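The next block holds one structure in the form of C-alpha cells; read it before the comments.
The values are calculated or read from the model by the stated rules, or taken from the named source; none is laboratory data. Every value quoted in this text rests on a predicted model; they were computed, and no experiment measured them. Here the Cβ positions follow ideal geometry from the backbone for every residue, glycine too, while neighbour counts run over all protein chains shown. Just so you know, the surface numbers come from the protein's heavy atoms only, side chains and all, with ligands and any DNA or RNA stripped out. Shrake-Rupley method; radii C 1.70, N 1.55, O 1.52, S 1.80 Å.
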Amino acid sequence: MTSEVQMSHASSAQEPPIDSRSRPWLIVFVLGFSSLSASLMQSLVIPIQSDLPALLHTSASNTAWIVTATLLGGAIAMPVAGRLADIHGKKALLVISSMILLVGSLLAALFGSFLVVLIGRILQGLAMGYIPVAISLVQEAVPPRMVNSAIATVSATLGVGGALGLPLAAWVFEVFDWHALFWVSAILAAVMLVLSAAVLPRSTLKHPAPFDYAGAFGLSAALVAILVGVTKGNDWGWMSVPTVGIIVGGIIILALWGRYELKHAAPLVDLRTTAKLPILLTNIAALLVGFGMMTESIVIPQLLQAPTSVPHGLGQSVMATGLWMAPAGFAMLAFSPISSMLLTRFGGRITLAIGAMGVGLGYLLAVFMSDAPWKLMFVASVASAGVGVGYAAMPTLILRHVPRKEAASSVGVNALMRSMGTTISGAVMAIVLVSSTMPVPGGEGQVPTRNAFLLAFAIGAAAAFLGGVLTLFIPREGRQQPHVLECVNGS
C-alpha cells in the first residue's frame, strides 16, 4: 500500500502553476460555492413538478421537459466545457458558465410562458459545465498539501446541491411565488459570476488546439437521443417504436462518433486515454454510484409521502419530506474531510471502493429500516456519506491518470458518467415502482407496494456494491508509474 499512496501524491508533488498560496481557501470556497449553486439546478423544480401544468398553462407531458431539459443541458455541457477549458483556460469557462446560469435564471424568473421557461432550464443545465472545470482547476490553484481536501470539498457539491435543492425549493415555493425559485437561482448566479471573475486566478496551463466542433455535435446528438429515450421510456412505452428508435439511433450515432474521434488529431474526448483501465473502471464506477445516488432521491421521497391509509405510508408533506432529506446533503459535505483523510492514507482506488460500499450499505439498511421518517433520514445520510466519499475519489483518480492537457475534459467525461447513472436510475426506479402498485383506500390513485420499495432499495444496493467491487480491479497506482509521471510533467 505504501507505493500506492506514494504514487497517489505524485501528481501533487510540484507546486501549483498558479501562485495562489496566499489565498487557497478563498479559491476553494468560491469553486465550492459556485459548483453547489450550479448543482442546485438539478432539483430546483422537482418539488413543484406536479404544479407546473397549471402554472405554465400546458400539459403534464410538456412540463416533464422542464426537468429533462436541464439534464440534457448538463450532459452536453460537461465534456464540452471541459475540452474548451483545456484549450482556452479554465477561468474563462467558469465565468462564461456563470453568465449562462444568470441568463437562464432571469429568463425563467421574468417570463411565465412554457417555451421561455424551457429555454431558461436548458441554459441552467448548460451552466453545470462549471463543475468539472472547477474540479480540474483545484490541482492548479492550491498547494500540494491541500489538493485532496480541496478536490473532496468541490466534488461533494455535485451531490450536495441536488440533495439540498429539494428542501430549499419546497420552502421557497410554499412561502413565495414560483418565480421566486428562479430569482433565487439568479441571485446565486450573480454571486457566482462576481466571485469567479474577481477571485479565481487565471490558469497558466493552456493547450491551444482546434476545437472539435463535429465531435461536440456528434456527442451531443447521441447523448440527447439516448437520454430522451431513457427518460421518456415509461411514458412512450419501452418497446414502442419512438423509444426503441431514438435509443438505437443514439447508440448508432455514438458508435460513429467514436470512430471519428479515434481518427481526429485533436478529439473532443481522447478515447485512447478514456479506455485505459484506471480511467475506464473509474468511469464505470461513477455510473454505478450515480445510479445509487438517484435511487435515494427518487425512492425515499415517494415512501415518505405515501399516504398513511396504506400500511407502509408515512404521510409526510412535500416540505416535511424535504426537511427529512436535508441531513443527507449535509452528511455528504461533512464527509469531505474524511474523504481527504482516506485519499491521503489509502489512495483514490480504496477510497472510491469505500464510498461505493457505503452507498450499498445505506440501501441495505433501508430494506430493514423503512417504517419511520427518522429511520429513512438515517438511511439516506449513510448512503449520502458514501456518495460524498466516492465523488471525492473519482476526480482524484482521473486527474492522477490523465495528462494535464486533458484534465478538464476527462473530469467532464467522469461527471457525464455520473449524470448518465442518475438518468438510468430514474428510469429503472420508475419501472420498479409502477410494476407493483396498490389502490389508496378511500382515495384515488395507486401507490407502490412495500415490496416495490424494498426491491428498489435492493437494486440500488446491488449497483453500489458492484461499483465498489469493480473499483478494486483498478491497477494500484504504483504500477502506473511511467504514465503518472508523464501526467505530472504536464504532457
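State all residues of the range 135-145 that are open to solvent by 10 Å² or more (accessible area, probe 1.4 Å) and in contact with a helix residue (DSSP H, G or I) (Cβ under 6 Å, 6 or more places away or on another chain); if no residue qualifies, say none.
Gln139, Pro144
Looking at (1) modelled with pLDDT under 80; (2) farther than 30 Å from Ser50 by Cβ; (3) among the polar types (S, T, N, Q); (4) out of contact with any Asp or Glu (no Cβ under 7 Å at 6 or more places or on another chain), can you tell me which one Ser203 breaks?
Result: Ser203 passes all but (4).
Could you run through the range 255-287 and say how many residues are over 30 Å from Ile48 (Cβ atoms), within 21 Å of the chain's Cα centre (by Cα) and not hydroxyl-bearing (Ser, Thr, Tyr)?
Here the count works out to 9.
One line per residue, one yes/no per condition, for (1) out of contact with any Pro (no Cβ under 8 Å at 6 or more places or on another chain); (2) free of Cβ contacts under 8 Å to residues at least 24 places away in the same chain; (3) open to solvent by 30 Å² or more (accessible area, probe 1.4 Å):
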position: Trp324; (1), (2), (3): no, no, yes
position: Ala328; (1), (2), (3): yes, no, no
position: Ser339; (1), (2), (3): yes, no, no
position: Ile354; (1), (2), (3): yes, no, yes
position: Met357; (1), (2), (3): yes, no, yes
position: Leu365; (1), (2), (3): yes, yes, yes
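Test Ala266 against the criterion of being of a type outside the set (Val, Ile, Thr), touching a Phe, Trp or Tyr at 6+ places or on another chain (Cβ under 9 Å) and not in a helix (DSSP H, G or I), and give yes or no. I'd like the intermediate steps shown before the answer.
Numbers: of a type outside the set (Val, Ile, Thr): yes; touching a Phe, Trp or Tyr at 6+ places or on another chain (Cβ under 9 Å): yes; not in a helix (DSSP H, G or I): yes.
Here the answer is yes, as Ala266 does meet what is asked.
Which of the numbered conditions does Ala452 fail, given that it passes all the others? Conditions: (1) farther than 28 Å from Leu352 by Cβ; (2) touching a Leu at 6+ places or on another chain (Cβ under 9 Å); (3) at pLDDT below 90.
(3)
Do you know which residues across the range 59-74 are polar (S, T, N, Q), over 18 Å from Ser425 (Cα atoms) and assigned to a helix (DSSP H, G or I)? First the steps, then the outcome.
Of the residues in the range 59-74, the ones polar (S, T, N, Q) are 59, 61-63, 68, 70.
Applying the additional criterion that residues be over 18 Å from Ser425 (Cα atoms) yields 59, 61-63.
The answer is Ser61, Asn62, Thr63.
Residues of the range 162-214 being open to solvent by 20 Å² or more (accessible area, probe 1.4 Å), in a helix (DSSP H, G or I), free of Cβ contacts under 8 Å to residues at least 24 places away in the same chain and within 17 Å of Gly322 (Cα to Cα), which ones?
Val175
Residues being touching a residue at least 24 places away in the same chain (Cβ under 8 Å) and among the aliphatic types (A, V, I, L, M): count how many of those fall in the range 111-126. Full working, then the answer.
Taking the range 111-126 first, the residues touching a residue at least 24 places away in the same chain (Cβ under 8 Å) are 112-114, 117-118, 120-126.
Imposing the further condition that a residue be among the aliphatic types (A, V, I, L, M) reduces the set to 117-118, 122-123, 126.
Result for the range 111-126: 5.
Quickly run through the range 180-195 and pick out the residues that are of a type in the set (A, V, I, L, M, F, W, C) and touching a Ser or Thr at 6+ places or on another chain (Cβ under 6 Å).
Phe182, Ala186, Leu188, Ala189, Met192, Leu193
Every residue in the range 37-75 that is β-branched (Val, Ile, Thr) and open to solvent by less than 40 Å² (accessible area, probe 1.4 Å), please.
Across the range 37-75, the qualifying residues are Val45, Ile48, Thr58, Thr63, Ile66, Val67, Thr68, Thr70.
Scan Leu333, Leu288 and give me the residue that is at pLDDT 85 or above, within 20 Å of Val160 (Cβ to Cβ) and assigned to a helix (DSSP H, G or I). Write out each step before concluding.
Values: Leu333 fails: at pLDDT 85 or above.
On inspection, the qualifying residue turns out to be Leu288.
Out of all the residues in the range 389-444, which are hydrophobic (A, V, I, L, M, F, W, C), open to solvent by 10 Å² or more (accessible area, probe 1.4 Å) and not in a helix (DSSP H, G or I)?
Met438, Val440
Given the criterion in contact with a helix residue (DSSP H, G or I) (Cβ under 9 Å, 6 or more places away or on another chain), under 30 Å from Gly442 (Cα atoms) and either open to solvent by 40 Å² or more (accessible area, probe 1.4 Å) or free of Cβ contacts under 8 Å to residues at least 40 places away in the same chain (or both), identify the matching residue among Val299, Val310, Val318.
Residue meeting the stated conditions: Val318.
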